[in-house]
1. Ala293: surrounded by 16 or more Cβ atoms within 10 Å (Cβ to Cβ) and either under 21 Å from Ser61 (Cα atoms) or not acidic (Asp, Glu) (or both), yes or no?
2. If I ask for residues that are surrounded by fewer than 20 Cβ atoms within 10 Å (Cβ to Cβ) and more than 14 Å from Asp327 (Cβ to Cβ), which ones from region 231-242 would you list?
3. Applying the selection to region 31-65, what residues are touching a residue at least 24 places away in the same chain (Cβ under 8 Å), open to solvent by less than 80 Å² (accessible area, probe 1.4 Å), more than 25 Å from Leu99 (Cβ to Cβ) and not in a helix (DSSP H, G or I)?
4. Pairs, please: C-beta under 7 Å, at least 6 apart or cross-chain, first residue without any contact (Cβ under 8 Å) to a residue 60 or more places away in the chain and among the polar types (S, T, N, Q) and in region 175-192, second buried (at least 21 other Cβ atoms within 10 Å of the Cβ) and not in a loop (DSSP other than H, G, I, E, B)?
5. Any chance region 105-115 includes a residue that's within 30 Å of Ala358 (Cβ to Cβ) and in contact with a Lys or Arg (Cβ under 7 Å, 6 or more places away or on another chain)?
6. Can you tell me how many residues within region 1-21 are over 17 Å from Met238 (Cα atoms) and open to solvent by 30 Å² or more (accessible area, probe 1.4 Å)?
Amino acid sequence: MDAKPLWLLAELTYKCPLQCPYCSNPLDFAGSRFKHELTTEEWSRVFREAQALGVLQLGLSGGEPLLRPDLESLVATAQQLGLYTSLITSAHRLTQDRLAALKRAGLDHVQISVQAADAELSDRIAGTRAYRDKLAAYHFAKELGFPLTVNVVLHRENLHQVEALIRLAESLGAERIELANTQFYGWAFHNRDALMPTKAQLDAAWQVVLRERARLGSRLEIVWVLPDYHEQFPKPCMGGWGRAYMTVTPAGEVWPCQAAGGITTLTFENVRDRSLEWIWHQSDAFNRFRGEAWMPEPCRSCARRTVDFGGCRCQAFLVAGDAALTDPVCSLAPHRHVIDAAVTQVERAAAARVEPTALTYRAAPASRALAAKG
């Protein structure tokens, strides 16, 4: 298979002032596996190797990438290589001067997350008071001429605010809002029972999206990331495992997707030991689920095998314990009953008006105290 990576997500650090209970970072993000972050020189080499491989777009993420004091230098290196850079940030304490410096360095695009449409709920979900900083950063981005994306992770606590969130993005002059229904990996999987919405909540929010798309037309792109636990078929895993995408973690491990590091049956190579080219083309982890030869039934004889590629390997591992199985979200999967049971439990609890399970925040007892105050 002669696939080329088009997108690289550089997770520059897992440090973050926010404590979101759906964070995609690994549960052990503070452990020794991710402790020794790549240096400026190492990241610059990764960017050069990525560009040589065919990468066109570079996401600068975390954790919170703004906590890296060398961020401007890394952006400048990417700009010199001709990579299109997107800063994916919580914008916590982001100043106009810092953002202007990043623009001078060559930053192309800004994506800023918000947890809800109002300060009280947004700060409670984030586990820290950050809403005011976010609004200021949105305005800074537009004043500096950046294309702006508003990122929102949707779940039981904020789905009722979809219309208000779209109106907020419109008022900020954003070009795009991504409404990403929670994907249950990392901390989100740990908090699945508390975050999962009911089908009625999702249906109501989807109707809002359809109405707002009709109202806004091309003025604001509204992206709706499917809530796959409620779907009949799984989403294609990053366009197929090892086909167009890779993530480099703060300490240099290279994964075929942002959550792949949770598959403990795979060994992921590190850019400190191997070139990015070798990892992409030769490593076992990247080749394990490429193509169709690895597929079990019902995937192997299914007409959708070239559409969703067997679904998500991380989800198969988390839910069914084996990354080589059909994604349990698929209605044809032998383990679909596990997904159905999780959804049914949430529906029954909602019908009985049972209070949802308390959220476990990403870190820090202070975060939980703030949430309790909210």
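The values are calculated or read from the model by the stated rules, or taken from the named source; none is laboratory data. None of the values given here were measured: they were computed from a predicted structure. Methodologically, a virtual Cβ is constructed for each residue, glycine included, from the backbone with ideal geometry; neighbour enumeration extends over all protein chains shown. Heads up: the accessible areas ignore ligands, DNA and RNA and are worked out on the full protein's heavy atoms, side chains in. Shrake-Rupley method; radii C 1.70, N 1.55, O 1.52, S 1.80 Å.
1. Answer is no for this residue.
2. Of everything in region 231-242, just one residue is surrounded by fewer than 20 Cβ atoms within 10 Å (Cβ to Cβ) and more than 14 Å from Asp327 (Cβ to Cβ), namely Gly239.
3. If the condition is that a residue be touching a residue at least 24 places away in the same chain (Cβ under 8 Å), open to solvent by less than 80 Å² (accessible area, probe 1.4 Å), more than 25 Å from Leu99 (Cβ to Cβ) and not in a helix (DSSP H, G or I), then Gly54 is the only one that fits.
4. Asn181/Leu154
5. Yes; the residues of region 105-115 include at least one that is within 30 Å of Ala358 (Cβ to Cβ) and in contact with a Lys or Arg (Cβ under 7 Å, 6 or more places away or on another chain).
6. 3
Per-residue answers, yes or no, for (1) modelled with pLDDT under 95; (2) polar (S, T, N, Q); (3) in contact with a Phe, Trp or Tyr (Cβ under 8 Å, 6 or more places away or on another chain):
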| site | (1), (2), (3) |
| --- | --- |
| Pro21 | no, no, yes |
| Asn25 | yes, yes, yes |
| Ala30 | yes, no, yes |
| Phe34 | yes, no, yes |
| Trp43 | no, no, no |
| Ala78 | no, no, yes |
| Leu81 | no, no, yes |
| Ile88 | no, no, no |
| Leu99 | no, no, yes |
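Let's see how each residue does on (1) open to solvent by less than 10 Å² (accessible area, probe 1.4 Å); (2) among the aromatic types (Phe, Trp, Tyr); (3) at negative phi:
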site	(1), (2), (3)
Ala259	no, no, yes
Ile279	yes, no, yes
Phe289	no, yes, yes
Ala303	no, no, yes
Cys312	yes, no, yes
Ala323	yes, no, yes
